[in-house]
Amino acid sequence: MKLEGIHHITCITGDAPQNVRFYAGTLGLRMVKKSVNQDDPTVYHLFYASDEGAAGSDITFFEYPGVARGRHGAGMIYRIRWRVASDESLDFWERRLGSQGASTQRSDGSLRFEDPEGLELEFAVVETTDEPLRASHPEIPKEHALLGFDGLRAYTDDPNRSAGFLRDTMGFTSAADDEWISRGEDRGSFYKYDAAPGRRGLAGAGTVHHVAWSSPMEDHEEWRNRVLAGGADVTPIIDRFWFRSIYFREPSGVLFEIATLGPGFTVDEPLETLGQALVLPPDYEHLRAQLEPVLTPLPDPRAESLAR
C-alpha cells in the first residue's frame, strides 16, 4: 500500500472574512465547501482547492473568531509549499503579493511569504509528472495558477524520533537532510523536518492543525490496522461524509490524518456551485437554524473581482 501524498492541510484562523479574501481572492483558490467543524459545529470549516476540489490541492481552515495568533514550535508544521509552473509565475506572484502589502522573499526557484495571520507559505517551480491541480480566477492567468501542494516543513527537536514510523508504517521513502517522500501511483508530496526554535509552540491563528494523507477507499481500513501495529494511538474510522478519516500523532508530535480519496465534494453539491452555500453533513442538518445566525458572514472575492 502507498499513500498518494497530501490529501488536505487544515489550519486555524481567527478571522474568516480576511481568510476568504486572502485564499479565495489573493491566491485565487476556489472555495469548494463552506461547512462547519464536525467536532465543534459552532465554527466554520472552510475548504479551498482546485476547481474540482481535488485532493492534493485542498487547504482548509477552522475559524475561532478572534483567537490569538499561535506560534510554531516542536511537533508543528510551520510551512506549506505549493507548485507553480515557471520563474515567470514567481514574477507574477511577487508582483501580486507585493501590490497587496505582503512581504516576500525570493530565492532560486521559490517565493516565500506569510498569510495575514503569520502562516508561512511558499511557491516553488517544481518539475513533476503529477497532474496540475489548478483553480481558475479572473485576475490570475491560467499559466500562473497554483498547481497543488508540493510538501510541508515541520519542526522537531529530534528528527530521528520519527524515522522508523515514517518509513515502516507510513511507507514514506527517505531523501536527503531529514526529508521524506510520500508517493503513490498518481501523486507525491514531501515532508521535511527542521530543528525546532527554542520556544514552545502554541496553537492559534496562523498555525497548522493537521495534515491529511491520501488513501484509496479500499485501503483505508488496512491503513488503520497498520498505524495501530506501528504503535500509534489511532482513532476509529470517522465518516466525514466527503471522505473517511483516521487521526493519530506521529512520534515527533505532528497530528496526522489518513483520508480517503472519495466520495468527494460533489456528493452533495453540483460541481458548478461548490462552496457557494453553507452545506452541512446529514447528521448536522438539524442544527442549521441554530448555526446560521452565529456563523460569521463571508465575502465573495471572486464575485467582487468580476464586478470591478
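Each value in this text was obtained by applying a stated rule to the coordinates, not by laboratory testing. Keep in mind the model is a prediction, meaning the values are calculated, not measured. FYI the Cβ positions are ideal-geometry reconstructions off the backbone, even for glycines, and counts take in every protein chain you see.
Before moving on, here are some points about what is shown:
- Charge sum, other residues only, whose C-beta stays under 15 Å from G109's C-beta, Lys/Arg counted +1 and Asp/Glu -1: -4
- For the chain, with +1 on Lys and Arg beta carbons and -1 on Asp and Glu, the positive-most of N160, S189, A54 along the dipole: N160
- Reported to the nearest whole Å, the Cα centre-to-centre distance from region 221-276 to region 29-50 is 15.
- Only Cα pairs under 8 Å and 6+ residues apart enter the sum, and on that basis the relative contact order of region 6-307 stands at 25 percent.
- Virtual paramagnetic centre 7 Å along Cα→Cβ of D87, amide N under 19 Å, in region 119-134: 123-128
- Cross-link reach list, lysines versus K192, counting only Cα pairs under 27 Å and skipping chain neighbours closer than eight places: K2
- Every helix of 4 or more DSSP H residues in the chain counts as -39500 (n - 2.57), and over all residues that averages to -3500 deg cm²/dmol at 222 nm.
- When peptides 225-233, 189-197 are sorted by average Cβ neighbour count within 10 Å, with the highest value leading, the order is 189-197, 225-233.
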